[in-house]
């Protein structure tokens, strides 16, 4: 069984967010040039490059595949004994399930936004439930809640 997902959690961001990001970067570059501080200028180049790499990676579509012996997300294979639970996150504004969260034996969540049909999601969840249990909810850390609220 296979489910199409984004390569991570997909956030819809407005144009204002990117405009503010660009203005802050531009301000730091201008100030670093005025103060002859090339270290900040180089640091900004790394930040912008890293952010652009992150955006291209998360916007990629990949798949989750259920095998009898393991669970696969893109090229990474997880034996069933390393996974504990999964959770479905419902988006109240869109009125649909938006994310699937896979929680491993170290209680670290792997969040993937769904990019597939509801029918395929239902079939996938039914089969996944045979291997690992589904939780109603999971406790996020404060850091996770802040990151998701800021849509980083």
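The values are calculated or read from the model by the stated rules, or taken from the named source; none is laboratory data. Note that this is a predicted model, so its numbers are computed, not measured. Cβ atoms come from the backbone with ideal geometry, glycine included; neighbour counts cover every protein chain shown.
Of note:
- Residues satisfying the stated conditions in the stretch 21-38, i.e. exposed (fewer than 11 other Cβ atoms within 10 Å of the Cβ) and in contact with a helix residue (DSSP H, G or I) (Cβ under 8 Å, 6 or more places away or on another chain): 38
- Only one of 37, 107 that is within 26 Å of residue 1 (Cα to Cα) and at pLDDT below 90: 107
- Scanning the stretch 97-152 for residues that are touching a helix residue (DSSP H, G or I) at 6+ places or on another chain (Cβ under 6 Å) and either loosely packed, with under 13 Cβ neighbours inside 10 Å or not in a strand (DSSP E or B) (or both) yields a total of 2.
- Selection count, the stretch 66-83, where residues are surrounded by 15 or more Cβ atoms within 10 Å (Cβ to Cβ) and either in a loop (DSSP other than H, G, I, E, B) or touching a strand residue (DSSP E or B) at 6+ places or on another chain (Cβ under 6 Å) (or both): 6
- Any hit, the stretch 44-66, residues being at positive phi and touching a residue at least 40 places away in the same chain (Cβ under 8 Å): no
- The set of residues in the stretch 1-20 being in contact with a helix residue (DSSP H, G or I) (Cβ under 8 Å, 6 or more places away or on another chain) and not in a loop (DSSP other than H, G, I, E, B) consists of 2, 3, 4, 6.
- Within the stretch 45-59, restricting attention to residues that are modelled with pLDDT of 80 or more and surrounded by 11 or more Cβ atoms within 10 Å (Cβ to Cβ), the residue that is farthest from residue 111 (Cα to Cα) is 45.
- Residues in the stretch 84-95 that are loosely packed, with under 13 Cβ neighbours inside 10 Å and assigned to a strand (DSSP E or B): 90, 91.
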